[in-house]
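None of the figures in this text is laboratory data; all of them are computed from the coordinates on show. Model, not experiment: these values are computed from the prediction. We place every Cβ from the backbone using ideal geometry, glycine too, and count neighbours over all the protein chains shown.
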Amino acid sequence: MGDVAVTAGNVAPGSDAGLDVTGVAGAALTAGQVVYYDATNDEYLVADTETSSTTANAAGVVVCTAADTQRCVVQKTGQIDMGGTTVVGTVYVLSVTGNIAPAADLATADWVTVIGVGVTATDIKLGINASGVQVPA
């Protein structure tokens with residue numbers, strides 16, 4: 001199926017969103033990207049399923065675009081409009097470079113991080129679970 005094609009300008013938190021409004025971007029971040037928290041530098045960075053268990057330890061989804069060192073808003077819980085097409089009942093996981101993909105797209109050696117479940121044609125209910133487990137060969 002491939003990654004969810006996100007239109008950054010259409011990403012929006014739902015009414016039940018749990019937000020971190022005090023975050024700082026450690027790199028350029030685009031609305032809809034999954035990020036992890038770098039505690040050493042106190043900043044959010046783009047998450048990735050292929051790099052390491054650290055980069056796959058997703059903290060949430062950026063809801064507004066931010067440049068490096070700017071404040072950013074990260075949604076950690078609740079329903080989010082991903083600004084793209086999602087499928088009801090599909091489990092979504094972290095993909096590469098902060099993208100989100102159906103769990104069926106995981107490949108050998110990917111770090112498994114569940115992002116949430118499709119609840120409408122555009123929304124995902126976040127339920128982030130960074131398992132620390134790699135898909136075996």
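Taking the Cβ of GLY118 as the centre, find all other residues whose Cβ is under 15 Å away and add up their charges (Lys, Arg: +1; Asp, Glu: -1).
Spelling it out: positives minus negatives among the neighbours equals -3.
Once phi is turned into θ = phi - 60°, what whole-Hz ³J(HN,Hα) does the Karplus curve with 6.51, -1.76 and 1.60 give for every residue of the range 114-126, x standing for Gly and Pro?
Result, ordered by residue: 6, 9, x, 10, x, 10, 9, 6, 9, 10, 10, 8, 5 Hz.
Summing +1 for each Lys or Arg and -1 for each Asp or Glu, what net charge is found among the other residues whose Cβ lies under 15 Å from the Cβ of GLU50?
Neighbour charge sum, excluding GLU50 itself: -4.
Determine the sum of side-chain charges near GLN75: Lys and Arg each +1, Asp and Glu each -1, restricted to other residues whose C-beta is under 13 angstrom from that of GLN75.
-2
Across all directions of projection, what mean area in square nanometres is found for the Cα convex hull of the range 1-136?
Working: hull surface 28.4 nm².
Its Cα hull, projected and averaged over all orientations, spans 7.1 nm².
Can you tell me which of THR69, THR55, THR108 moves the most in a GNM of the chain? Springs connect C-alpha atoms under 10 Å apart.
Comparing THR69, THR55, THR108 in the GNM, the peak value goes to THR108.
How much length would be gained if the chain were fully extended between VAL87 and THR40, taking 0.36 nm per residue of separation minus their Cα-Cα distance, in nm to one decimal?
13.3 nm
Taking θ as phi - 60°, what are the ³J(HN,Hα) couplings along the range 94-109 by the Karplus curve (6.51, -1.76, 1.60), each to the nearest whole Hz, with x for Gly and Pro?
These are the phi-based 3J(HN,Hα) values: 5, 10, 8, 6, x, 7, 10, 9, x, 4, 4, 8, 4, 10, 3, 6 Hz.
Using a 7 Å offset from the Cα along the Cα-to-Cβ direction at both THR54 and ASN129, what is the distance between the two label points in nm, to one decimal?
Distance between label points: 2.6 nm.
So for the chain: antiparallel DSSP bridges make up what percent, rounded to the nearest 5? Please list the in-between numbers first.
Details: 33 of 34 bridges.
The antiparallel fraction comes to roughly 95 percent.
For a Förster distance of 22 Å, can you work out the FRET efficiency between the beta-carbons of ALA8 and ASP105, rounded to the nearest 0.05?
Values: r = 21 Å, r/R0 = 0.96.
In this case the efficiency is close to 0.55.
Along the Cα→Cβ direction, 7 angstrom out, place labels at LYS76 and ALA27. What is the inter-label distance in nm?
Simple spin-label model gives 2.2 nm for this pair.
With an 8 Å cut-off on Cα pairs and a minimum separation of 6 or more residues, tell me the relative contact order of the chain in percent.
Numbers: 417 pairs, mean separation 38.3, N = 137.
Once divided by the residue count of the chain, the mean separation gives 28 percent.
List the residues whose amide H sits under 5 Å from the amide H of GLY84, counting only those 5 or more places along or on another chain, with H placed 1.01 Å from N in the peptide plane.
Answer set, sorted by chain and number: THR7.
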